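Each value in this text was obtained by applying a stated rule to the coordinates, not by laboratory testing. From a predicted model like this one, the values you see are computed outputs, not experimental measurements. For neighbour counting, all protein chains shown are included, and Cβ atoms are generated from backbone atoms with ideal geometry for every residue, glycine included.
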Amino acid sequence: MKRHLKSLFKVSMACITMGTIAMMVGLLLGGAGELSREVKELVHVVRTGVSETVERIPMLESLTNINGFTLVVDKDEVSVDMNEQYETMNGDYVNIELAESSEVQNLNVSILNGTCRIVSTESGYYGVSSTDADDYQCYAENGTLYLNAFPGKFGKVEEDAEIVLYVPENVILDKAYIFCSGDGFSAEVPLKGKELHLSSIRGDNTFYGSFEFDEVVMNIGVGSFEMNGLTAGDIKLEVSTAEAKFKELYSEGLSVNLGMGSLYIEGDIAGNVELNCGMGSLDMKLMQAQNSYNYDISGSAESVQIGTDTLAGMVMERWIDNGSQRLITLSCAMGSVKIEFAQPD
């Protein structure tokens, strides 16, 4: 009975929170303006936003959503200040050599305007090309390769600008930071390293190739996102309202926070899985059998399908013990979750 009362309390708090969210967003939308060129720091992560218009509220500091999610505006985390020691590039450039492969241990890419591609090169050098690009910098300093494309107007693309970053084959990085908030971003290059921090705030962004990192943290806001080929020791993934797809995903552990978007994951998780679904749609296809995992399931008004078992109802708490060393912890508030398995039990 206490468990049922606890779950009903969660549902009540969710309804109250959603009403508060609607009121705050309405007030903020009435007075929020566009960021000017003087603003050099941008909203970093939209975690489970209420709608696509939320990204146009630059002064919002934080907003608590249902099921423990938070929409975060962190102006200190992503800085795109212009480096006065290096040239600000405008226009057309053809494969400018920036640094040798051995000189770069970290990659730091922030694309806040236009489109960008990262491609592989056999030259042994990092390089950059551009077409009709306005206001960007690309340089190597203290072992880090920087590519910063500065914003014209917040959330909009003023010109058709394309930047191509060339990355040498077989590089192994300590850290790779990629921030996408332009019109489109694509990476068609294998990348390896210790840490990958990837934020896709808007646009149509695709990552193809073999990405292998010990630790991966990804935040996906709005728009579309697709990644084919990711191997990691541990993955932390947060999706707001975007349509996100992952194929050929392999990791030791996986933690997912899904807000109002849709998320598809296909791959193999060797360890524990934590799934937290707010109001979105989560589909997974795992390479293992259904009884390869134990299950700790909780929720309120969800639709949950695990293999051949369908679970639904206003209040639900369920523990399924298959005697496995691996555990899937699933919390679903008002969305839907479907987990399929490639192998039979």
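Report the label-to-label distance for Asn142 and Gln325 in nanometres (one decimal), using points 7 Å from each Cα along the Cα→Cβ vector.
In this crude spin-label approximation the distance works out to 4.2 nm.
For the range 151-302, what are Rg and Dmax over the alpha carbons, in angstrom?
16.1, 53
Using modelled amide H (1.01 Å from N, peptide plane; none on Pro or chain starts), what sits under 5 Å from the amide H of Arg326, excluding residues fewer than 5 places away?
HN-HN under 5 Å from Arg326: Asn294.
Take peptides 108-115, 303-310 and line them up by average Cβ neighbours within 10 Å, highest first, as a rough protection proxy.
108-115, 303-310
So which of Lys175/Lys285; Lys194/Lys245; Lys175/Lys245; Lys192/Lys236 end up more than 27 Å apart, counting from Cα to Cα?
Checking Cα-Cα distances, Lys175/Lys285 exceed 27 Å.
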